[in-house]
Structures are given as structure tokens and as C-alpha cells.
């Protein structure tokens with residue numbers, strides 16, 4: 001049957017026939033059914049709002065704003081805020097005098113208000129720690145070339161083996177590895193931090209490619225940690241799935257109370273725990289074409 005829309009801003013209509021009375025009754029009946037559903041839903045929501053960490057297993061972090069406002073504060077103890085009497089002091093130890101970069105002296109007035117002279121007998125140290133102005137360091141390696149005065153043959157110098165062939169030195173490469181590995185920064189975040197903190201501008205491609213040598217640099221140290229953990233009297237091992245694209249590997253963890261050794265391996269078997277470093281390539285984020293290094 002048709003739905004009868006009621007305009008409550010106007011006087012109620014008075015049906016003139018039995019059929020119209022039936023239509024009004026049916027519309028009111030449907031409206032009563034909808035009202036009962038809404039009322040049940042409101043009661044359900046009110047029950048949910050009434051639940052909190054004080055009357056359910058819900059953690060306090062999920063309490064509603066109302067519940068948080070209704071929380072009872074701690075009973076006042078009458079003690080002042082902060083450290084209490086007898087509490088051990090936790091202060092930064094003073095840096096030895098030979099390790100201080102600069103010393104500034106502040107003396108009292110030489111003459112007292114009474115007219116007598118003031119004799120200096122000691123001082124109270126106040127050390128302020130601050131960060132220096134950060135600037136990158138550039139070393140220019142000039143490779144000269146020459147020509148023999150008799151036969152005309154060209155001769156050219158060569159860079160020492162310890163000089164990086166790229167534009168990033170080992171300190172910068174290690175810093176990028178620390179930011180991406182230990183602190184989980186993305187390449188774009190490292191790119192922005194390099195420019196903001198150090199004033200260096202490198203493309204995403206250059207930052208990504210700079211991490212390739214880290215595997216060879218850290219390989220010997222990595223293997224030493226693995227050998228030390230395996231020789232420990234007590235070590236705890238566990239594994240979990242590790243995805244490289246569409247391939248599934250297993251990330252193994254072998255830990256002691258002092259060291260943690262991680263190994264990415266194709267096998268889930270216990271034999272993987274006794275294997276040395278498998279040489280799986282360090283995961284380097286691919287950069288789209290056109291974003292090459294500077």
C-alpha cells in the first residue's frame with residue numbers, strides 16, 4: 001500500500017471515508033514499527049557507550065570521551081608534585097674540564113656595597129650542551145694527466161683504492177643506511193632530511209644506489225655475530241614468513257641475551273639455523289627510470 005507522509009507542522013487530517021481511515025491506520029502502524037527499531041538501536045548504542053574500562057574488559061585507551069570525563073581522579077595524597085624528600089637525584093654528570101670546548105668566566109663586582117673589596121674564592125660550573133652548526137665536508141680529488149716530451153705518449157694519474165668512485169663517502173653511505181635500516185625512514189624522507197639538515201641534494205636514485213655496497217661492508221661483521229650466537233650456551237630460535245616480491249622466504253631469528261642474528265633463507269627446516277650467510281641481496285628500493293643519481 002502507499003506510504004502516507006505526515007506533515008506534522010499542519011493540523012492532523014481527518015479522513016472522510018473508511019478507506020482513508022484504513023490508510024492512516026496502516027501508515028501509523030508502519031511508523032510505529034520503525035520507531036520500535038530505532039528505539040532498540042538507541043538502547044543498544046547507549047549500552048555500548050556505558051561500557052568502559054571500569055565495567056568491562058575494554059582497555060582504557062578505547063573509552064569514549066564521556067567515559068574519560070567521568071573517570072575518578074586519584075585521591076590527593078597531600079604531597080607536592082615532583083620528587084619527594086629523600087628521592088635520589090638524577091642529574092647529568094659534569095663533563096671533565098679537559099673535554100669542555102669553551103669556557104666563559106663571569107666574575108662578581110670587585111667592590112661590595114659596604115666599600116670593601118670582593119675576593120674571588122671559587123666558582124659554580126654551569127654547563128650547556130648544544131649541537132654545532134652542521135655542514136657537509138667536500139674533498140676534491142684531482143687526477144692529473146700529462147704527455148711525454150719525446151714520444152708524446154699520454155700518462156694519467158689514478159685514484160687510490162680507498163677513494164670512493166661515486167660522490168658519496170663511507171660516512172654518508174653509513175648515515176643513509178642508519179636512517180633507512182635502524183630508523184625506517186623512506187628514501188624520500190632521507191632525501192628531505194639530507195637537504196634540510198646537511199644542505200645536500202641527492203636524487204632518489206643516487207640514495208638508493210648508495211646502499212648497494214653495504215652488504216659487502218657489513219658481511220664480515222654479520223658472519224662474526226652469527227658464529228658467536230651459534231656458539232652460545234643458550235640461544236632462542238624462531239622463524240616467520242618473509243616475502244620478496246612474489247617469492248616466499250623464511251626470516252630466521254637466533255638470539256641470546258646480548259646478540260640477535262637474523263637470516264633470510266629459502267628453507268623452513270632446522271638445518272637453516274646452522275648455515276652461514278646465504279648472500280641473498282640486500283633489499284634496495286627500485287627507483288623509476290629517469291630518476292638517476294647526480
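The values are calculated or read from the model by the stated rules, or taken from the named source; none is laboratory data. Note that this is a predicted model, so its numbers are computed, not measured. Glycine also receives a Cβ, built like all others from the backbone with ideal geometry; neighbour counts cover every protein chain displayed.
Below, the figures for the structure above:
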item: Selection within the range 209-224 - crowded, with 17+ Cβ neighbours inside 10 Å and more than 12 Å from residue 166 (Cβ to Cβ); result: 214
item: Which numbered condition residue 234 fails, given (1) exposed (fewer than 10 other Cβ atoms within 10 Å of the Cβ); (2) assigned by TED's automatic domain parsing to the domain that holds residue 267; (3) under 28 Å from the mean Cα position of the chain (by Cα); result: (3)
item: Test: residue in the range 49-65 that is under 30 Å from residue 128 (Cα atoms) and exposed (fewer than 10 other Cβ atoms within 10 Å of the Cβ); result: no
item: Cross-chain or 6+ apart pairs with Cβ under 6 Å, the range 223-244 first and over 13 Å from residue 265 (Cβ atoms), then in a helix (DSSP H, G or I); result: 235/229
item: Lone unmet requirement of (1) in a loop (DSSP other than H, G, I, E, B); (2) farther than 30 Å from residue 98 by Cβ; (3) under 33 Å from the mean Cα position of the chain (by Cα) for residue 140; result: (3)
item: Count of residues meeting criterion [within 17 Å of residue 139 (Cα to Cα) and not in a loop (DSSP other than H, G, I, E, B)] in the range 151-173; result: 4
item: Test: residue 158 is at pLDDT 90 or above, surrounded by fewer than 12 Cβ atoms within 10 Å (Cβ to Cβ), touching a helix residue (DSSP H, G or I) at 6+ places or on another chain (Cβ under 9 Å) and outside the structural domain of residue 262 (by TED's automatic domain parsing); result: no
item: Residues located in the range 122-148, provided they are touching a helix residue (DSSP H, G or I) at 6+ places or on another chain (Cβ under 7 Å) and exposed (fewer than 10 other Cβ atoms within 10 Å of the Cβ); result: 134
item: Qualifying positions in the range 99-147 - at pLDDT below 90 and in contact with a strand residue (DSSP E or B) (Cβ under 8 Å, 6 or more places away or on another chain); result: 110, 111, 118
